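Read through the structure below, which is laid out as structure tokens, and then see the notes.
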Amino acid sequence: MTSLRKIGRGARLCVASHNAGKVREIGDLIAPFGVSAHSAGELGLPEPEETETTFTGNALLKARAAAQASGLVSLADDSGLAVHALNGDPGIYSARWAGRTKDFRLAMQKVEDALQAQGATDRSAHFVCALALVWPDGEEAVFEGRVDGVLVWPPRGDKGFGYDPMFIPEGYALTFGEMEPDAKHAMSHRAKAFAQMVAERFAP
């Protein structure tokens, strides 16, 4: 059986994102492995249009484009918030609900307005993260993580990004926006997907 290709210390990884918060979080997660993160924005790479209909599909699309353009092993994350009373919306369109200016206060307000318009009492939701790792020669691997919780209003905390200030993970009292980064990294949807990736593809 052929052993899986590993990413070793000193490697440079292209993070296929222009979202500073997401790049920072991924950079924090890979730093202990001696791997440096370089964002698509930093490398001057364009953002491909996300035309797939699943988190995994969009993550692969972004990672493939970055690997080809940068010549580096590339990691793309496609993640979003699925609100159960809204039939899973905003889902893969989570970033689009924030508009061209990426205003997530607006996006959170849209979620709350949609719940209020329905008179929804079910405020359960979950975050999903699909991580795609693609080598320039075409090798690929995908990992997925999920965390369940409930939505609160008004939003609380300024330590996270995206929809973090309105999401309380199951079993906790703080929103992701109120948690210290280390606490969130220990149990978030991204952390769960990342733990799978590290176990399989990062050298110790």
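Alpha carbon centre of region 175-204 versus region 56-125: separation in Å?
When both Cα centres are located, 18 Å separates them.
Can you give the FRET efficiency to the nearest 0.05 for Leu106 and Ala186, using r as the Cβ-Cβ distance and R₀ = 45 Å? The partial results should precede the final answer.
Numbers: r = 29 Å, r/R0 = 0.65.
Efficiency, from the Cβ-Cβ distance: 0.95.
Tell me what the chain gives for mean residue ellipticity at 222 nm when only DSSP H runs of n ≥ 4 count, each as -39,500 (n - 2.57), the sum divided by the residue total, rounded to 500 deg cm²/dmol. Walk me through the intermediate numbers first.
Numbers: 5 runs with 60 residues, N = 204.
Computed mean residue ellipticity for the chain: -9000 deg cm²/dmol.
Given region 1-127, what percent of its DSSP beta bridges are antiparallel, to the nearest 5? Before the final figure, lay out the partial values.
Values: 4 of 11 bridges.
Among the beta bridges of region 1-127, antiparallel pairing accounts for roughly 35 percent.
Counting DSSP beta bridges with both partners in region 89-204, what percentage is antiparallel, nearest 5?
On the way: 14 of 14 bridges.
Counting only bridges with both partners in region 89-204, antiparallel ones make up about 100 percent.
Which order, highest average first, do 72-83, 135-146, 41-52 follow once you tally other Cβ atoms within 10 Å for each residue and take the mean per peptide? Each step should come with its number before you reach the end.
Values: 72-83: 24.8, 135-146: 15.4, 41-52: 13.5.
The most tightly packed comes first, giving 72-83, 135-146, 41-52.
Going by the alpha-carbon gyration tensor, a ≥ b ≥ c the square roots of its eigenvalues, is region 37-138 rounded (a/c under 1.5) or, if a/c is not under 1.5, prolate (a/b greater than b/c) versus oblate? Display every interim value, and only then the final one.
Working: a/c = 3.34, a/b = 2.19, b/c = 1.52.
Prolate shape, in that a/c is at least 1.5 and a/b is the bigger ratio.
Please build a GNM for the chain, connecting alpha carbons under 10 Å apart, and tell me which residue among His126, His189, His18 fluctuates the most.
Maximum among the listed residues: His18.
Would you work out the relative contact order for region 51-165, in percent, from Cα pairs under 8 angstrom that are 6 or more residues apart?
Numbers: 195 pairs, mean separation 34.0, N = 115.
Relative contact order, region 51-165: 30 percent.
Any idea of the accessible area per residue across the chain, 1.4 Å probe, to the nearest Å²? Provide the component values of the computation, followed by the final result.
Numbers: 9770 Å² over 204 residues.
That works out to 48 Å² per residue.
Can you check what the net charge comes to around Lys110, using other residues whose Cβ is under 13 Å from the Cβ of Lys110 (Lys, Arg +1; Asp, Glu -1)?
Values: positive: Arg96, Arg105; negative: Asp89, Asp103, Glu112, Asp113.
So the environment of Lys110 carries a net charge of -2.
Within region 7-55, what whole-number % of the accessible surface is contributed by carbon and sulfur, with the 1.4 Å probe and all protein chains included in the calculation? Walk me through the numbers before you get to the answer.
Working: 1260 of 2510 Å².
Carbon and sulfur: 50 percent of the exposed surface of region 7-55.
Note down the net charge around Glu178, summing +1 for each Lys or Arg and -1 for each Asp or Glu among other residues with Cβ under 15 Å from its Cβ. Mind dumping the intermediate values first?
Working: positive: Arg156, Lys159, Lys184; negative: Asp158, Asp164, Glu180, Asp182.
Result for the neighbourhood of Glu178: -1.
Classify region 27-86: rounded, prolate or oblate, from the alpha-carbon gyration tensor (a ≥ b ≥ c, eigenvalue square roots; a/c under 1.5 rounded; otherwise prolate if a/b is larger than b/c)? Walk me through the numbers before you get to the answer.
Working: a/c = 2.52, a/b = 1.41, b/c = 1.79.
Oblate.
Which links in Lys159/Lys184; Lys62/Lys102; Lys110/Lys192 stretch past 21 Å when you go from one Cα to the other?
Numbers: Lys159/Lys184 10 Å; Lys62/Lys102 18 Å; Lys110/Lys192 27 Å.
Correct reply: Lys110/Lys192.
Connecting C-alpha atoms closer than 10 Å in a GNM of the chain, tell me which of Gly27, Gly71, Gly91 has the biggest fluctuation.
Highest fluctuation of the listed residues: Gly71.
Apply the Karplus curve 6.51 cos²θ - 1.76 cosθ + 1.60, θ = phi - 60°, to the phi angles in region 50-59 and return the couplings in whole Hz, x for Gly and Pro.
So the J values, rounded to whole Hz, are 7, 9, 7, 10, 9, 4, 4, x, 5, 5.
Give me the net charge of Trp135's neighbourhood, meaning all other residues with Cβ under 15 Å from the Cβ of Trp135; Lys, Arg count +1, Asp, Glu -1.
Summing Lys/Arg as +1 and Asp/Glu as -1 gives +2.
Quick check: from the Cα gyration tensor, does region 83-131 come out rounded (a/c under 1.5), prolate or oblate?
oblate
The values are calculated or read from the model by the stated rules, or taken from the named source; none is laboratory data. The shown structure was predicted, so the numbers you read here are calculated from the model rather than taken from an experiment. In this analysis, Cβ positions are derived from the backbone assuming ideal geometry, glycine residues included, and neighbour counts consider all displayed protein chains. Surface accessibility is based on the protein's heavy atoms, side chains included, excluding ligands, DNA and RNA. Shrake-Rupley method; radii C 1.70, N 1.55, O 1.52, S 1.80 Å.
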